[in-house]
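K.L.:
A single structure is presented below for examination.
The values are calculated or read from the model by the stated rules, or taken from the named source; none is laboratory data. What you are looking at is a predicted structure, and each value in this text was computed from that prediction instead of being measured. Reconstructed Cβ throughout: ideal geometry from the backbone, glycine too, with neighbour counts over all protein chains shown.
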Amino acid sequence: MASLTIRKLDDAIKAELRMRAARNGRSVEDEVRVILREAATPAAPTVTTASNASRNAAIPRWHNLRHNSNGLLRITLIIGGGIAAYKALDLIRRLKERGFIVRCVMTNAAQQFVTPLSAGALSDERCYTDLFDQGSEFDAGHIRLARDCDLIVVAPATADLMAKMAHGHADDLASAILLAADKPILLAPAMNPLMWNNPATRRNVAQLARDSVAMVGPEAGEMAEAGEAGVGRMAEPVTIATAAERILRPPQAQPLKGRRVLITAGPTLEPIDPVRYIANRSSGKQGFAIAAAAQAAGAEVALISGPVDLDDPAGVTVEHVESAREMLAAVEAALPTDIAIFSAAVADWRVAHEGAQKLKKTAAGIPPLQLTENPDILATISNLRDKRPPLVIGFAAETEHLIENAKAKFARKGCDWIVANDVSPGTGVMGGDRNTVHLLTRGEGGEIKTESFAVMTKEEVAAMLIERIVSTMTDSSK
Ligand SMILES: Cc1cc2nc3c(=O)[nH]c(=O)nc-3n(C[C@H](O)[C@H](O)[C@H](O)COP(=O)(O)O)c2cc1C
């Protein structure tokens, strides 16, 4: 993939970009991303392309969002120079799991413990380290980094960083960002108990509380230093991520609170014999993103997943299964729910006669693999009499005639909505981070309505879907 250095563009173009970015309240970097995304999005010939209005509709209202280029909330994570810096790497993943965009900044001392490379790789963004950074594509880096986010998290917050904050120092990138910030700040202090209890730190903590800086932890427990214990351990990454989420998505704004949501994700594995199986290329990323978004919207989420290489989303009950039959059994056991979303790529067929032992090469030649039909989970649940969830959503992954095939599936299955996506090899959807989806619903007269969306990250697709679910449930309860 080619990279683009804004600094090397013509001055006139740079000036135009700055104007556009300022008009739209974005960073220059984000403005370029938006322009490239718009230019790269093919117009769908048979269906309407998402207008700006419907893109904005994809942004969850309850998240109190700033309108970043992609509608997601941004966190600037400042990593201080403490022994707990290694936990900040896990924190990046925990924040991303919750659908936040994370941009990392490291102090010089932090780089003694973990590398900017690790933080950059985990956050998918460059990690910023220098106040005087000639390579930065930001015009005034510390101001932009302070402003171009929704929350600043400092983890670990060292005694030194807190002292600098309390006294308004700005002699490195981290402290300059903190001084220039107009966004909420959440500190996760971590230090030796003697440092935490030192009167100077106590004064600084009290000053920061007066300055409305939020804090999570520190906790009591054993220190990294052998034989030392007391208050000073950094809160666990999950706890910090939850505290960040509480600031960005206040609990009262959880429109799916009290609702149960069932989601399937990933592939199924259909055994041939004890060591071989038939599988597909589904990564489970889309289903996991939907589970995280539903959980963030306050729902009680049961996620039933085929074998995937993903961490379980925080706060979600996950059941891991292998075959389509196991998935159906787990789905049935999870009912009743208010909403069921079937995003798993369930194998249509399995081997009719699974070998009890490993099939061997013999003189008789190649063993025939006779296939038999698997249970149709979407159709089964859509046609339940008693326990049918009020809203059943299926996914149609197609490699040709996308809308035509999705409409046929919609008519066949008896579900309420279908999310159709093109998974042909050139799209990179299977296993990738982006998706281009079409939402099929029914109009008042029962006719199928198709709404097409521009390419989005799988988290954005998840946010759009949850937003639609929320508005439908709100409308139907009026
Ligand atoms: C091995 C080691 C571990 C340290 N752990 C901590 C710590 O957990 N908390 C802390 O406040 N300082 C700790 N320090 C001291 C900080 O690294 C030092 O105060 C540094 O100047 C902090 O820089 P920063 O605040 O710019 O990141 C540690 C130092 C060393 C050598």
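K.L.:
Considering only the stretch 412-442, state which residues are of a type in the set (Gly, Ala, Ser) and either crowded, with 20+ Cβ neighbours inside 10 Å or modelled with pLDDT under 90 (or both).
P.N.:
Passing the criteria: Ala420, Ser424, Gly426, Gly428, Gly431, Gly432.
K.L.:
Sort out which residues of the stretch 305-323 are among the β-branched types (Val, Ile, Thr) and in a loop (DSSP other than H, G, I, E, B), and write them in order of number.
P.N.:
Selection gives Val308, Val316, Val321.
K.L.:
Evaluate the stretch 207-220: report whether one residue or more is in contact with an Asp or Glu (Cβ under 6 Å, 6 or more places away or on another chain) and within 16 Å of the ligand (Cβ to nearest atom).
P.N.:
The answer is no, given that none of the residues of the stretch 207-220 is in contact with an Asp or Glu (Cβ under 6 Å, 6 or more places away or on another chain) and within 16 Å of the ligand (Cβ to nearest atom).
K.L.:
Can you name the residue in the stretch 106-125 that is within 16 Å of the ligand (Cβ to nearest atom) and not in a helix (DSSP H, G or I) and, of all such residues, is nearest to Arg74 (Cα to Cα)?
P.N.:
Met106
K.L.:
A further question on this structure: Checking the conditions here, which among Glu236, Glu228, Glu326 is more than 16 Å from Arg98 (Cβ to Cβ) and not assigned by TED's automatic domain parsing to the domain that holds Ala396?
P.N.:
From the options Glu236, Glu228, Glu326, the qualifying one is Glu228.
K.L.:
Scan the stretch 76-105 for residues that are within 14 Å of the ligand (Cβ to nearest atom) and surrounded by fewer than 19 Cβ atoms within 10 Å (Cβ to Cβ) and jot them down.
P.N.:
The answer is Ile83, Tyr86.
K.L.:
Something else: Restricting the stretch 332-362 to residues that are outside any strand (DSSP E or B) and touching a strand residue (DSSP E or B) at 6+ places or on another chain (Cβ under 6 Å), which is nearest to Pro267 (Cα to Cα)?
P.N.:
Result: Ala344.
K.L.:
Check Leu194, Leu173 and return the single one that is at pLDDT below 95, out of contact with any helix residue (DSSP H, G or I) (no Cβ under 8 Å at 6 or more places or on another chain) and within 13 Å of the ligand (Cβ to nearest atom).
P.N.:
Leu194 is the lone residue from the list that is at pLDDT below 95, out of contact with any helix residue (DSSP H, G or I) (no Cβ under 8 Å at 6 or more places or on another chain) and within 13 Å of the ligand (Cβ to nearest atom).
K.L.:
Look through the stretch 363-377, keep the residues that are touching a helix residue (DSSP H, G or I) at 6+ places or on another chain (Cβ under 7 Å) and assigned to a loop (DSSP other than H, G, I, E, B), and return whichever of them is surrounded by the most Cβ atoms within 10 Å (Cβ to Cβ).
P.N.:
Applying the filter and picking the extreme gives Asn374.
K.L.:
So if I check each of Glu400, Glu326, which one is more than 26 Å from Asp475 (Cα to Cα) and either part of a helix (DSSP H, G or I) or basic (Lys, Arg) (or both)?
P.N.:
Among Glu400, Glu326, only Glu326 is more than 26 Å from Asp475 (Cα to Cα) and either part of a helix (DSSP H, G or I) or basic (Lys, Arg) (or both).
K.L.:
For the stretch 141-169, give me the residue count where each residue is within 12 Å of the ligand (Cβ to nearest atom) and aliphatic (A, V, I, L, M).
P.N.:
8
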